[in-house]
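One structure below.
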Amino acid sequence: MEISSLKLKTSYKEIFGQDPDLLAKSPGRINIIGEHTDYNEGFVLPTAIDNAVFVAIGVREDDKISVYAEEFKEKFEADLNHIAISEIGWANYVLGVVNQIQERNLTLKGFNLYIVGNVPAGAGLSSSAALECSVAFILNELFQLGLSRQEIAKIGQMTEHTYVGVKCGIMDQFASVLSKEGAVLKLDCRDLSFEYVPLELGDYEVVLFNTNVKHSLASSAYNDRRASCEQAVAWVKEIHPEVNSLRDVTVAQLETIVQPKDQDVFVKSRYVVQENERLNKACDALKSGDIAGLGEQMFLAHAALSKEYEVSCEELDFLAEYVKDKPEVVGARMMGGGFGGCTINIIKKGFGDSIAAEIAPIYKAKFGLDLTVIPVKTSGGSQIIT
Ligand code: GLA
């Protein structure tokens, strides 16, 4: 679904009876490699796509906020002086952002906000980060809050921690706010330093295959994985006090310190250390135009996400496995938090649809679900729409 600025304005006016003051959008993201590394001070390699959450905003005369979500055809109202977690799930993405801004002692006035998006939900494309960032971004512009793009990303992340209940890393929000068209962000989640690496794939392109499995278990499993990583760090720290994250840890240290205490915590933490190594190899391959080398690391990453970190599911495994025999596919893996969503594939240009058409009936027979193709176009981060 295309969303034009005219449609945004018209919808806003229908709901709030006046013209909006400002329009903005913030995109969803893909991630080439580097999963579950962000909350371990590791590296990630994401970029924004041209599916986004669009927002239209107008100032009010009072201290109320009134928010309309097109997806749910539902309006939510709150008082700026009493911001608290709501029972309405989607409203918390807005309320959490407002709360984060207030926590920074910045002043907001009442506003009307209209939200509409075309990032498929539950597909692992970070529709929630796109929502948080679009709200933080437009509030920053409208009320001249002086927040940097990095701070906007952090506000989105903390909204997840405080109002949504997922202790996510910074990757999704950072990509939504700071991406550049045609490049991936190599982000060091330890200090948020980053470089743009051109996503030049020669005869190849990125294609997503959506399992159409919604990741329902994802948030509790996500927090469990994070706890395992923290446990491993705590054990290593007893002997090496200078260690603060898995970024500082070697596999040898995990073998001597963590493995004797807990095999599962060992396997999970080793996954993170090795995923950083895979990412660095993949990124070097991308920089030198070695697309096969990049793809190889993606296949390895999928196997580790599935067998070691255990965040895949049968449907993702099936799709990542099936394409291995296709000469046109050089790499594939599950993408994002896991338990559903998409696989990301590096496929010879023009072959995505025919390969998907071949797999779809087999996939349907096996899982009773449709396999859908999501073509990928990269885009820049959050922006004002004129
Ligand atoms: C989700 C989280 C991110 C990241 C990925 C896994 O998308 O929001 O912070 O941890 O999972 O890489």
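Values in this text are rule-based calculations from the coordinates and carry no lab data. Here the structure is a predicted model, which is why all the values come from computation and not from measurement. All Cβ positions, even for glycine, are placed from backbone atoms using ideal geometry, and neighbour counts span all protein chains on display.
Here are the numbers for the structure shown:
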read-out: Looking only at the stretch 111-159, and only at residues there that are among the hydroxyl-bearing types (Ser, Thr, Tyr) and within 12 Å of the ligand (Cβ to nearest atom), the one that is nearest to the chain's Cα centre (by Cα); value: Ser126
read-out: Residue identified as within 23 Å of Lys9 (Cα to Cα) and not aromatic (Phe, Trp, Tyr) among Glu103, Glu160, Glu141; value: Glu141
read-out: Among residues of the stretch 214-231, those that are of a type outside the set (D, E, K, R) and surrounded by fewer than 19 Cβ atoms within 10 Å (Cβ to Cβ), counted; value: 8
read-out: Every residue from the stretch 70-100 that is of a type in the set (A, V, I, L, M, F, W, C), within 30 Å of Val376 (Cα to Cα) and crowded, with 21+ Cβ neighbours inside 10 Å; value: Ala91, Val94, Val97
read-out: Pair list, Cβ < 7 Å and 6+ apart or interchain, from the stretch 33-62 residues that are at negative phi and within 10 Å of the ligand (Cβ to nearest atom) to residues that are part of a strand (DSSP E or B) and among the basic types (Lys, Arg); value: Pro46/Arg29
read-out: Any hit, the stretch 55-62, residues being of a type outside the set (Asp, Glu), touching a Ser or Thr at 6+ places or on another chain (Cβ under 6 Å) and buried (at least 18 other Cβ atoms within 10 Å of the Cβ); value: yes
